[in-house]
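What follows is one structure encoded as structure tokens, with my remarks underneath.
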Amino acid sequence: MKNLDKLVYQAVFEENKEEKERKLRELLSQLNARGYKGYSIYPLYKKFSEKFLGFTVPAMNLRGMTYDVARRIFRVAKRLKVGAFIFEIAKSEMGYTKQDPLEYATVILSAAFKENFQGQVFIQGDHFQLNRKSFFANPEKEKEGLKKLIKEAISAQFYNIDIDASTLVELEKETVEEQQRFNYEVTAELAEYVRSLEPVGITINLGGEIGEIGGHNSTPEELRAFLNGFNRVFKGEIGLSKISVQTGTAHGGVVLPDGRVAEVALDFNVLKTLSKIAREEFGLAGAVQHGASTLPEEAFFKFPEAECVEVHLATGFQNFLYDHPALPEEFREKIYTYLKTNLKHEWKEGWTEAQFIYKTRKKGFGIFKKEWWDLPQDIKEKILSDMEELFEKIFEALNVVNTEELVKEIFS
């Protein structure tokens with residue numbers, strides 16, 4: 001495909017909404033015709049449900065410089081023969097990074113084509129989440145909003161979706177079953193909706209979640225209450241493949257007053273116990289760990305040991321881009337000044353400036369999206385070449401190196 005870089009750029013930054021969608025759809029269609037399309041990772045996770053395969057699948061959220069960063073991930077994957085990895089974006093991220101499902105999928109698949117990646121590309125909707133306050137004020141309206149996003153995502157070839165109704169857990173209720181009731185009932189309803197929209201021949205890989213990240217550690221009782229409840233309510237043949245649990249992490253990490261991220265005491269024993277219960281008692285692929293990208297490097301080796309099927313990585317990549325010495329200081333300061341001027345209402349009482357910047361700079365990816373994309377090539381090269389080393393370390397620690405043949409065999 002000639003001038004792919006230009007075609008992607010023009011589609012992403014087209015200002016007319018209808019014309020932008022047309023350009024993205026046309027580009028996606030051309031990519032599909034060349035064999036580049038979204039896949040469901042369900043067949044691989046079905047194998048995981050029979051026995052743990054010895055590796056943990058990284059699910060990576062790309063908030064900025066998505067095309068360039070994705071290209072480097074594919075480049076490293078080719079070099080290390082990695083077949084099991086996921087690109088994802090959360091419902092909330094779509095808003096503040098200004099990347100809707102169609103754009104995100106098209107950019108990821110364009111990157112795969114550009115790097116001549118020959119494996120399956122897995123694109124995932126992360127934290128398709130219900131707002132607690134909005135749900136209890138008007139449940140049907142909140143569910144309809146999420147159904148609209150699900151439909152949009154599936155049409156963009158997001159064939160992996162994580163439904164997150166953990167925001168509806170009511171810890172004030174007396175029994176664990178009562179605490180999880182809204183969670184499993186709404187998850188089951190949305191899972192049925194996903195199944196009703198599946199393209200012929202595709203089983204969308206579905207995840208649920210039992211505990212909000214940042215809350216108390218999940219327990220076997222909560223896991224069993226949720227999955228037993230889901231299985232009672234769900235009307236369909238294939239339900240969930242995986243379950244997200246809380247083991248001590250927080251999204252983005254816990255930031256200290258000086259802007260450093262505090263060390264996290266992640267309980268790998270809890271993760272292993274819950275993963276084994278999910279697999280052995282309920283036939284799932286295992287447990288999923290969120291909020292892990294700010295953990296120290298040595299922690300990543302422990303995920304396969306804990307038989308964790310999937311780990312979600314986002315903020316670490318964001319921090320890498322913002323904190324890289326090659327990023328022009330004037331550009332970084334331009335973003336920070338904008339945040340301090342325009343997002344004052346998000347400055348929580350007691351926060352230092354460093355804490356405010358750390359918690360809000362994710363929004364700089366959407367507001368300054370074009371300027372991130374337009375950074376001089378020599379600057380991007382310095383940042384991205386170092387990023388390749390980061391991806392190598394992650395792939396090696398999670399033991400997904402040389403999974404290419406296994407994945408191709410499963411999908412052949």
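Read-outs: derived from the displayed coordinates by stated rules, not from any lab. Computed from a predicted model, the values in this text were never measured in an experiment. Every residue, glycine among them, receives a Cβ derived from its backbone with ideal geometry; neighbour counts consider all protein chains shown.
Values as computed for the structure displayed
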| read-out | value |
| --- | --- |
| Principal axis dimensions, largest first and in whole angstrom, of the chain by Cα | 56, 55, 43 |
| Calculated P(r) of segment 227-386 - Cα pairs past 18 Å, % | 67 |
| Compactness of segment 127-216, expressed as Rg and Dmax over alpha-carbon positions, Å | 13.5, 43 |
| Those aspartates and glutamates that a straight Cα-Cα span of less than 14 Å connects to Lys393, excepting residues fewer than 8 apart in one chain | Glu297, Glu298 |
| Segment 86-244 - Rg (one decimal) and Dmax (whole number), Cα, Å | 16.2, 55 |
| Residues Asp68, Asp378, Asp126, Asp5, sorted so that the one with the fewest Cβ neighbours within 10 Å comes first | Asp378, Asp5, Asp68, Asp126 |
| Loop sites in segment 276-314: GluC sites (Glu not before Pro), DSSP, at most 15 other Cβ within 10 Å | none |
| Distance between modelled label sites at Ile410 and Asn131, nm, 7 Å Cα→Cβ extension | 3.6 |
| Amide N of segment 361-375 lying under 16 Å from the label point, which is placed 7 angstrom from the Cα of Lys334 along Cα→Cβ | 364-375 |
| Spacing of the two label points (7 Å from each Cα toward its C-beta) at Glu189 and Glu172, in nm | 2.1 |
| Of Lys6/Lys334; Lys151/Lys382; Lys276/Lys362; Lys98/Lys173, pairs whose Cα-Cα distance is over 31 Å | Lys151/Lys382; Lys276/Lys362; Lys98/Lys173 |
| Amide H partners (placed H, <5 Å) of Val288, local residues excluded | Ile243, Ser244, Val245 |
| Projected-area average for segment 1-62 over all orientations - Cα convex hull basis, square nanometres | 6.2 |
| Entries of Lys78/Lys408; Lys37/Lys363; Lys37/Lys369 with Cα pairs more than 19 Å apart | Lys37/Lys363; Lys37/Lys369 |
| Net charge of neighbours whose Cβ lies under 14 Å from the Cβ of Glu333, counting Lys and Arg as +1 and Asp and Glu as -1 | -1 |
| Length added when fully stretched, Ser92-Thr203, from 0.36 nm per residue minus Cα-Cα | 37.5 nm |
| Karplus (6.51, -1.76, 1.60) ³J(HN,Hα), θ = phi - 60°, over segment 334-349, in Hz, Gly and Pro reported as x | 4, 5, 5, 5, 4, 4, 5, 7, 9, 10, 4, 5, 9, 7, 7, 4 |
| Taking all pairs of distinct alpha-carbon atoms in segment 1-147, Kirkwood radius in angstrom | 16.8 |
| Aspartates and glutamates with Cα under 16 Å of Lys20, excluding same-chain neighbours fewer than 8 positions away | Asp5, Asp100, Glu103, Glu152 |
| At most 14 other Cβ within 10 Å, DSSP loop - trypsin sites (Lys or Arg not before Pro), segment 320-412 | Lys348 |
